[in-house]
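Working notes for the structure below.
The values are calculated or read from the model by the stated rules, or taken from the named source; none is laboratory data. Worth saying up front: this structure is predicted, and the values here are computed from it rather than measured. Note: ideal-geometry Cβ built from the backbone for every residue, glycine included; neighbour counts use all protein chains shown.
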Amino acid sequence: MELKSTDQVDKMQASAEILASVFLEVRKLVAPGVTTAELDEVIEARIREAGCIPSFKGYHGFPASACISVNEEVVHGIPSSRALADGDIVGIDIGLIRDGWHADSAETIPVGRVSDEAARLIDVTCECLARGIAAIAPGRRISAIGIEVEKHARANGFSVVESLVGHGIGRNLHEDPQVPNFRCYTMPDPVMEVGLVLAIEPMINAGTKRVITARDEWTIVTADRRLSAHFEHTVAVTADGPRILTRRGDGTGAF
Ligand code: MG
Ligand code: MG
């Protein structure tokens, strides 16, 4: 577990603020008819215009700058010529590197008018992220986060994906520790310390928690093809509690 100095956290904040601004712009483009490849193109252009590098492009061979996952797709969807349709929900996950420091964030956005279940899944998943973040404090164990996420998801009749987890972040996109979104008995459960920076990212399913990998060998899909939502923030552990680096700052969406 690599701890960051306050100066280093400030550098990560600078990366994170650019990422938040990319989200604010991309949100405005989400509408029926737009393709996921078009969204990815804008995302990559904005990242590079800001002098940053997309973290995901080429990562283990991933072919795009954003992971864009529609409806039953949980995460790691590959942008394509698929046009978004009225009633879809679209999860957009973006990472970028600035000055050697990564930021990672995701949100799920409704396309046009969505079903009540889809709207509720999006709200509850965003609340799960907020509750997980609220559990962050130096001296507490990592498991405090997942316990809160799982409690809220279950209370609303939804399930938590267990095969993918949050992570430490810094000079590398994925660092120790792993951050499960559920009460986990098999992963290390270190104590959070000041200077730890985490990507908290609950993936919440309307139906079963089970997921499968699609034939493209990237896209993770719910086993029952029901909806899934995903929200993520990069968060630093400080003496005063969590500092959300990728906060959107406009008081909406992924807060
Ligand atoms: Mg991410
Ligand atoms: Mg992540």
State all residues of segment 45-103 that are in contact (Cβ under 8 Å) with a residue 60 or more places away in the chain, within 30 Å of residue 116 (Cβ to Cβ) and of a type in the set (S, T, N, Q); if no residue qualifies, say none.
69, 71
Determine, yes or no, whether residue 122 is more than 14 Å from ligand 1 (Cβ to nearest atom) and within 13 Å of the chain's Cα centre (by Cα).
yes
Yes or no: segment 46-68 includes at least one residue that is more than 16 Å from ligand 2 (Cβ to nearest atom), modelled with pLDDT of 95 or more, in contact with a Gly (Cβ under 8 Å, 6 or more places away or on another chain) and part of a loop (DSSP other than H, G, I, E, B).
no
Go through segment 212-234 and give me each residue that's away from ligand 1 (no atom under 16 Å from the Cβ) and of a type in the set (Val, Ile, Thr).
212, 213, 221, 222
On the basis of being away from ligand 2 (no atom under 14 Å from the Cβ) and more than 30 Å from residue 46 (Cα to Cα), does residue 180 make the cut?
no
Among 133, 97, which is the only one that is within 30 Å of residue 1 (Cβ to Cβ), outside any strand (DSSP E or B) and β-branched (Val, Ile, Thr)?
133
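For every residue, the table says whether it meets (1) of a type in the set (Lys, Arg); (2) in a helix (DSSP H, G or I); (3) modelled with pLDDT under 95; (4) farther than 26 Å from residue 197 by Cα.
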residue	(1), (2), (3), (4)
86	no, no, no, yes
102	no, no, no, no
113	yes, no, no, yes
146	no, yes, no, no
163	no, no, no, no
